[in-house]
Every structure is written in C-alpha cells, then in structure tokens.
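What follows draws every value from the coordinates through simple rules; no lab data is involved. In this text the structure is predicted, and so the values were computed from the model without any measurement. Here the Cβ is made from the backbone with ideal geometry for all residues, glycine too, and neighbour counts use every protein chain on show.
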Amino acid sequence: MLINDIHHVQGELRRTYPWFNLMLAARQDAITDLVFNVGVAGFAKFKATIAAIARADYAGAARHMLASQWATQVGPRATDLAKMMETGEYL
C-alpha cells in the first residue's frame with residue numbers, strides 16, 4: 001500500500017509540476033516526503049520553494065523549506081530533506 005501511495009503522490013507531482021521529472025531522485029524523494037506531510041494542496045502554498053525549484057535554485061528551495069512552519073513541525077527530518085534538496089544526494 002505504501003508503494004501505491006508513493007506512486008500516487010509522485011504522479012500528482014508530475015502532473016502538477018513539470019520540473020518534478022527533471023530533478024534527481026533524491027530531490028524527488030525529498031519533495032515526496034514533504035507532500036506526504038502536507039498534501040498536494042498544502043505543498044502548493046510553498047510558493048517560494050516551488051519558484052526556487054522551478055528555476056533550479058535548489059539551495060534557495062532548501063532555505064525556503066527550512067523557513068516554513070512545516071520545518072518546525074517535523075524537526076530534524078526537515079533539515080535532512082532540505083539537505084537532500086540542496087545537494088541532490090541521499091543522506
């Protein structure tokens with residue numbers, strides 16, 4: 001069931017954000033994890049993060065992720081996901 005949920009979320013991201021397929025797998029997984037917490041509609045509110053990703057400013061996207069309320073709610077995992085976004089590498 002988890003794999004089906006992951007495919008569903010990633011399918012939504014692919015349909016909504018053309019840049020999703022252009023990112024490295026670690027970055028895709030970081031966004032997928034975030035969306036599991038906030039939902040696709042909730043992620044749409046991450047306007048500065050989305051804009052940074054769209055222009056391939058992954059360091060900026062990571063900063064915006066960490067500046068969000070989501071980051072304070074999930075704690076250290078937010079730091080890990082932001083690093084994955086910035087570097088494109090798994091931790």
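Entry remark, region 46-55: residues being assigned to a loop (DSSP other than H, G, I, E, B) and either closer than 21 Å to Asp5 by Cβ or touching a residue at least 12 places away in the same chain (Cβ under 8 Å) (or both) number 1 in total. Checking each residue in region 1-44 for being within 12 Å of the chain's Cα centre (by Cα) and part of a loop (DSSP other than H, G, I, E, B) picks out Tyr17, Met23, Leu24, Ala44. Just to be sure before I move on: is Leu24 buried (at least 19 other Cβ atoms within 10 Å of the Cβ) and among the hydrophobic types (A, V, I, L, M, F, W, C) in the structure I sent? It is false that Leu24 is buried (at least 19 other Cβ atoms within 10 Å of the Cβ) and among the hydrophobic types (A, V, I, L, M, F, W, C).
Selection of region 57-91 for residues being outside any helix (DSSP H, G or I), free of Cβ contacts under 8 Å to residues at least 40 places away in the same chain and not hydrophobic (A, V, I, L, M, F, W, C) yields Asp57, Ser68, Gly75.
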